[in-house]
Amino acid sequence: MSIDYQEKIPNNVNLAEDRKLQRALEKWQPGYQQWWSELGPEGSHQMDVYLRTAISVEPGGWANYGHVKMPDYRWGIFLAPQEEERKVNFGAHKGDAAWQEVPGEYRAELRRLIVTQGDTEPASVEQQRHLGLTCPSLYDLRNLFQVNVEEGRHLWAMVYLLHAHFGRDGREEAEAMLERHSGDADKPRILEAFNEPTPDWLSFFMFTYFTDRDGKYQLASLAESGFDPLSRTCRFMLTEEAHHMFVGETGVGRVIQRACDIMTEHKTDDVRKYGGIDLATVQRYLNFHFSVSVDLFGQEISTNAANYFTMGLKGRFQETRIEDDHLLKDAVYQVAEVKGDGIVYADQSALTAVNERLRDDYIRDCQRGVDKWNRVIKDAGIDFVMTLPNRVFHRGIGAFASIKATPDGKIITQADWDHKHSDWLPTDEDRRYVTSLMKAVTEPGKVAGWIAPPAKGINGQPQDFEYVRFN
Ligand code: BYC
């Protein structure tokens with residue numbers, strides 16, 4: 001079904017047929033636009049940006065490109081097509097018809113999941129709002145803005161579900177999405193990683209690689225939901241998410257490429273002397289962003305997660321492809337825990353371990369990009385290997401929050417941590433140095449000296465394409 005852009009709120013959910021819902025969303029819309037103008041990308045409102053906009057939700061239908069002013073971007077409500085006779089595929093209601101309305105007994109849990117998901121979307125826009133001022137190229141600036149408008153649309157996606165299915169308290173939750181702000185002392189965002197600043201472009205690339213990938217895994221689990229509107233919403237969101245992770249993977253790859261080029265050209269390890277970001281600093285940023293993102297999967301042993309599963313609200317990654325009973329009543333799953341002064345794996349109920357299983361899927365996926373980055377380093381003949389830290393390193397949530405550990409997973413004392421952590425996490429000096437490189441490069445085709453140019457343009461455009469016009 002194609003999307004009607006003549007509507008005030010573009011959508012493929014026949015909004016015009018539900019006047020009450022349409023009015024409620026139209027009432028929320030000005031608040032959203034005000035939020036975008038106050039806390040969206042700084043200084044960007046007059047720029048024409050080469051953006052991709054969805055024109056239909058069919059494969060290929062969302063890849064439509066053109067220059068638009070971001071405040072005029074047609075944020076709307078798009079659900080993947082309804083699957084005939086879709087079922088609840090796991091938990092106590094396995095085999096029942098998927099719900100088109102909120103199951104009354106699970107209302108609170110479902111609302112909480114949707115609110116948590118929705119809250120991250122505007123949070124990330126707020127975190128990234130100053131980055132446009134220091135873009136390394138027009139190509140990167142455009143990618144930042146593409147990510148931002150899509151996060152805005154993902155907020156719309158969750159707000160639609162709240163308005164359409166949760167009545168008055170849904171509308172209140174939708175208002176609250178615009179009232180909490182990233183890093184706000186009184187009204188912070190819900191999950192911790194979304195209160196951290198994203199102050200520079202290396203952080204942005206790490207964020208889109210690691211934190212957006214949490215988004216992928218959480219959305220994929222929610223796409224399994226027995227509540228069909230949530231499933232359909234998340235399936236369409238996932239098509240947009242892929243580009244965000246591409247931005248992260250290629251962004252970090254280009255920083256590494258540039259460091260290697262400097263090392264080769266000048267036969268030196270002193271990359272900073274030539275205005276690049278040395279590999280050790282990249283590794284420290286990686287350690288930080290990976291560990292905060294790993295926290296986003298929640299407690300290793302979680303009755304919340306077990307309940308979401310049994311209720312049929314949130315499944316495992318690619319639930320229907322897993323060969324088991326999808327009930328997990330007696331199944332076990334190996335989970336790491338602290339025992340004495342070491343880490344051991346022990347069997348736990350697979351039901352309470354679904355957060356941990358998702359974290360495992362995520363970590364495996366993270367490794368793929370790291371392998372690619374290592375190929376860049378190896379191809380340059382440089383003896384350095386990027387590694388993901390152990391999951392127990394630098395944790396703020398779960399069983400390992402109470403211990404201190406090295407990146408390779410050995411438990412250490414607080415005194416050792418105090419002494420060593422600056423080898424493992426970005427130091428103030430690292431951050432100052434990286435910040436010192438952040439100067440806007442806005443001439444078409446030019447790229448800042450700390451990052452290699454992109455391998456190819458967006459939508460086949462040439463290197464010197466004017467992705468953003470400043471007006
Ligand atoms: N920070 O039983 P547990 C994305 C709390 S990213 C702070 O494990 P649960 C995106 C928890 O609230 C994807 N608090 O909790 C990426 C609970 O509190 P109460 C976002 C935390 O709920 C980039 C207590 O600890 N989507 O889309 O099973 C750019 C017990 O923990 C945290 C989702 O997350 C934390 N990290 O698991 C843009 C999906 N973790 O009740 C967008 C929806 C736990 O004791 N959310 N707590 O007061 C969920 O499925 C779950 O809420 C979580 C946490 C997996 C996040």
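Would it be correct to say that Arg395 is touching a Gly at 6+ places or on another chain (Cβ under 9 Å), closer than 25 Å to Asp214 by Cα and touching a residue at least 24 places away in the same chain (Cβ under 8 Å)? Give the derivation first.
On the way: touching a Gly at 6+ places or on another chain (Cβ under 9 Å): no; closer than 25 Å to Asp214 by Cα: yes; touching a residue at least 24 places away in the same chain (Cβ under 8 Å): yes.
So Arg395 does not fit the description; no.
Of the numbered criteria (1) of a type outside the set (A, V, I, L, M); (2) over 26 Å from Cys135 (Cα atoms); (3) in contact with a Phe, Trp or Tyr (Cβ under 8 Å, 6 or more places away or on another chain); (4) in contact (Cβ under 8 Å) with a residue 40 or more places away in the chain, the one Gln461 fails is (2). Annotation note: Cβ proximity below 7 Å between a residue of the stretch 252-269 that is closer than 25 Å to Thr208 by Cα and a residue that is basic (Lys, Arg) and surrounded by fewer than 23 Cβ atoms within 10 Å (Cβ to Cβ) (sequence gap 6+ or interchain) occurs for Gly253/Lys372.
Which residues, taken from the stretch 146-168, are of a type in the set (A, V, I, L, M) and within 16 Å of the ligand (Cβ to nearest atom)?
We begin by selecting, within the stretch 146-168, every residue of a type in the set (A, V, I, L, M); these are 147, 149, 155, 157-159, 161-162, 164.
Correct list: Val147, Val149, Leu155, Ala157, Met158, Val159, Leu161, Leu162.
Summed over the stretch 320-363, residues that are buried (at least 20 other Cβ atoms within 10 Å of the Cβ) and among the acidic types (Asp, Glu) total 1.
Which one is nearest to Thr442 (Cα to Cα), of the residues in the stretch 38-70 that are outside any loop (DSSP other than H, G, I, E, B) and in contact with a Gly (Cβ under 8 Å, 6 or more places away or on another chain)? Reasoning before the result, please.
Going through the stretch 38-70, the residues outside any loop (DSSP other than H, G, I, E, B) turn out to be 38-39, 48-53, 56, 64-70.
From what's left, in contact with a Gly (Cβ under 8 Å, 6 or more places away or on another chain): 50-51, 53, 70.
On the way: Tyr50: 14, Leu51: 17, Thr53: 23, Met70: 18 Å.
Looking at residues that are outside any loop (DSSP other than H, G, I, E, B) and in contact with a Gly (Cβ under 8 Å, 6 or more places away or on another chain), I get Tyr50.
The test for being within 11 Å of the ligand (Cβ to nearest atom) and β-branched (Val, Ile, Thr) does not hold for Val271.
A count restricted to the stretch 320-346 and to residues that are closer than 27 Å to His93 by Cβ and away from the ligand (no atom under 14 Å from the Cβ) stands at 14. Could you list all residues from the stretch 108-134 that are away from the ligand (no atom under 13 Å from the Cβ) and within 19 Å of Pro71 (Cβ to Cβ)? Listed by number, the residues that qualify are Arg129, His130, Leu131, Gly132, Leu133. Listed by first and then second residue, the pairs with beta-carbon distance under 9 Å, at least 6 apart or on different chains, first residue in the stretch 115-140 and under 16 Å from Ala174 (Cα atoms), second away from the ligand (no atom under 13 Å from the Cβ) and hydroxyl-bearing (Ser, Thr, Tyr), are Pro122/Tyr32.
Close Cβ contacts (under 9 Å, 6 or more residues apart or on different chains) running from residues in the stretch 197-208 that are among the acidic types (Asp, Glu) to residues that are buried (at least 22 other Cβ atoms within 10 Å of the Cβ) and at pLDDT below 95 are absent. The residue that is nearest to the chain's Cα centre (by Cα), among those in the stretch 371-387 that are surrounded by fewer than 12 Cβ atoms within 10 Å (Cβ to Cβ) and closer than 10 Å to Cys260 by Cβ, is Asp379. Any residue in the stretch 48-67 that is surrounded by 14 or more Cβ atoms within 10 Å (Cβ to Cβ), over 30 Å from Val354 (Cβ atoms), among the basic types (Lys, Arg) and over 22 Å from the mean Cα position of the chain (by Cα)? No; the residues of the stretch 48-67 include none that is surrounded by 14 or more Cβ atoms within 10 Å (Cβ to Cβ), over 30 Å from Val354 (Cβ atoms), among the basic types (Lys, Arg) and over 22 Å from the mean Cα position of the chain (by Cα).
Conditions (1) modelled with pLDDT of 95 or more; (2) within 13 Å of the ligand (Cβ to nearest atom); (3) within 27 Å of Gln33 (Cβ to Cβ), marked per residue:
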site: Gly170; (1), (2), (3): yes, no, yes
site: Met177; (1), (2), (3): yes, yes, yes
site: Ser182; (1), (2), (3): yes, yes, yes
site: Ala185; (1), (2), (3): yes, no, yes
site: Arg189; (1), (2), (3): yes, yes, yes
site: Phe194; (1), (2), (3): yes, yes, yes
site: Asp212; (1), (2), (3): yes, yes, yes
site: Tyr217; (1), (2), (3): yes, yes, no
site: Leu222; (1), (2), (3): yes, yes, yes
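For Lys329, indicate whether it is at pLDDT below 95 and not acidic (Asp, Glu). The answer is yes for Lys329.
For the stretch 152-169, filtered to residues that are in contact (Cβ under 8 Å) with a residue 40 or more places away in the chain and among the charged types (D, E, K, R), the residue that is nearest to Ile9 (Cα to Cα) is Arg153.
Would it be correct to say that Gln117 is within 30 Å of Asp324 (Cβ to Cβ), surrounded by fewer than 24 Cβ atoms within 10 Å (Cβ to Cβ) and of a type in the set (S, T, N, Q)? Answer is no for this residue. If the condition is being more than 23 Å from Leu162 (Cα to Cα), of a type in the set (Val, Ile, Thr) and surrounded by fewer than 19 Cβ atoms within 10 Å (Cβ to Cβ), then the stretch 179-237 contributes no residue at all. Looking across the stretch 36-57, the residues that are closer than 21 Å to Leu238 by Cα and either of a type in the set (Val, Ile, Thr) or without any contact (Cβ under 8 Å) to a residue 40 or more places away in the chain (or both) come down to Thr53, Ile55, Val57.
The values are calculated or read from the model by the stated rules, or taken from the named source; none is laboratory data. None of these values were measured; they are calculated from a predicted model. Reconstructed Cβ throughout: ideal geometry from the backbone, glycine too, with neighbour counts over all protein chains shown.
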